[in-house]
Structure formats: structure tokens, C-alpha cells
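What follows draws every value from the coordinates through simple rules; no lab data is involved. Owing to the predicted nature of the structure, the values given are computational and were not obtained by experimental measurement. Every residue, glycine as well, gets a Cβ built from its backbone with ideal geometry; the counts of neighbours run over all protein chains shown.
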Amino acid sequence: MTAAAQARTRLERVRASVAIASLALQQIEDDLDAGDVDQAELAAILRELIEDTDPPGGSLPSLAQLLTAAARRAGQIEPDRDGDASCPLREAAALITDNAGQCLIWAAQALDPQGDSA
């Protein structure tokens, strides 16, 4: 298989995976829109999004890990090795884990302070 064919196949797998992830996120959004979701259940759902005690580690840590892998690769192939591509990817990963993750924790605790801590 040629390098171009391998890249095309890889891109097709990525597109399919993103489509599957998008469908899964849509399902979660639909569940959140259900009229019978109470505050404890909403808190549990939020905690599930950030749960990192059971690998692969929840959706946000997994997304951050994916961005970190992209940053590593970008750092290897950047023409000038100046970080123009890899640094923003690392920053995006940090924002997801530090900011978004912490905001979900705060929201879950506000909704259900007695629930499992994330």
C-alpha cells in the first residue's frame, strides 16, 4: 500500500471514529434533554464525563490524551520545530483537563454535594 493510500485510509478511520463519537455525544445530549433527569442524575452524568479512575479515563481525559499525542507528533514534524503547531495542541489539552474538567467537577458538586467525588 502506498503512503498516500495509507494516509487516506487513516483519515477515513479518523472520520468514521469522529462520526461515532459525535453520535455518542448526541445520545448523551438527548438523555440530558429528558424531562425526568434530576439533579443527582445530572451530577452523575457530569462525573461520568470526567471520571478518571477507570481507564480509558472518561471523555475529557481521553480527548486531552488525543491532543497530547497530536502535539507530540506535531513537534516531530514541524518544519522549524518552533512549536507553532505543538504548543497550541498542548495548551488545548491542558485547558480541557484543567479548566473544563474542574468546571464539571464544580457543577457536579453543586448539583449533588453528597455524590461520589470525581
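Can you give the calculated 222 nm mean residue ellipticity of the chain, where each DSSP H run of n ≥ 4 adds -39,500 (n - 2.57) and the sum is split over every residue, rounded to the nearest 500 deg cm²/dmol? Before the final figure, lay out the partial values.
Values: 5 runs with 81 residues, N = 118.
Per the formula, -23000 deg cm²/dmol.
Along the positive direction of the dipole of the chain (beta-carbon charges: Lys, Arg +1; Asp, Glu -1; about the Cα centre), which of Trp106, Pro79, Val18 reaches farthest?
Of the candidates, Pro79 comes out farthest on the positive side.
Multiplying the sequence separation of Glu41 and Asp80 by 0.36 nm and subtracting their Cα-Cα distance, what value in nm do you get? Walk me through the intermediate numbers first.
Numbers: separation 39, 0.36 × 39 = 14.04 nm, distance 4.90 nm.
Taking Glu41 through Asp80 to full extension adds about 9.1 nm, to one decimal.
Give the whole-number value, in cubic angstrom per residue, of the convex hull volume spanned by the C-alpha atoms of segment 54-93. Numbers along the way, then the final one.
On the way: hull volume 1.8 nm³, N = 40.
Per-residue hull volume (Cα only) is 44 Å³.
Counting pairs of Cα atoms in segment 20-118, how many percent are more than 17 Å apart? Write out the running numbers ahead of the final one.
Details: 2893 of 4851 pairs.
For segment 20-118, the fraction of Cα-Cα distances above 17 Å is 60 percent.
Expressed in nm to one decimal, what extension gain is obtained for the pair Ala34 and Ala110 from 0.36 nm per residue of sequence separation less their Cα-Cα distance? Please list the in-between numbers first.
On the way: separation 76, 0.36 × 76 = 27.36 nm, distance 2.02 nm.
That pair, Ala34 and Ala110, stretches by 25.3 nm at full extension.
Hey, got the dipole for segment 69-110? About the Cα centre, +1 on K and R Cβ, -1 on D and E Cβ, debye to the nearest 20? Can you show the working numbers first?
Working: 4 positive and 6 negative charges, 42 e Å.
Its charge dipole is roughly 200 debye.
Magnitude of the Cβ-charge dipole of the chain, K/R +1 and D/E -1, about the Cα centre, nearest 20 debye? Mind showing how you got there, number by number?
On the way: 9 positive and 20 negative charges, 201 e Å.
Roughly 960 debye for the chain.
Taking Cα pairs under 8 Å and at least six residues apart, what relative contact order does segment 1-88 come out at, in percent?
Details: 29 pairs, mean separation 9.9, N = 88.
Relative contact order of segment 1-88: 11 percent.
Choose one answer from Ala64, Ala16, Ala74: the residue with the largest mean-square fluctuation in a GNM of the chain with alpha-carbon springs under 10 Å.
Ala16
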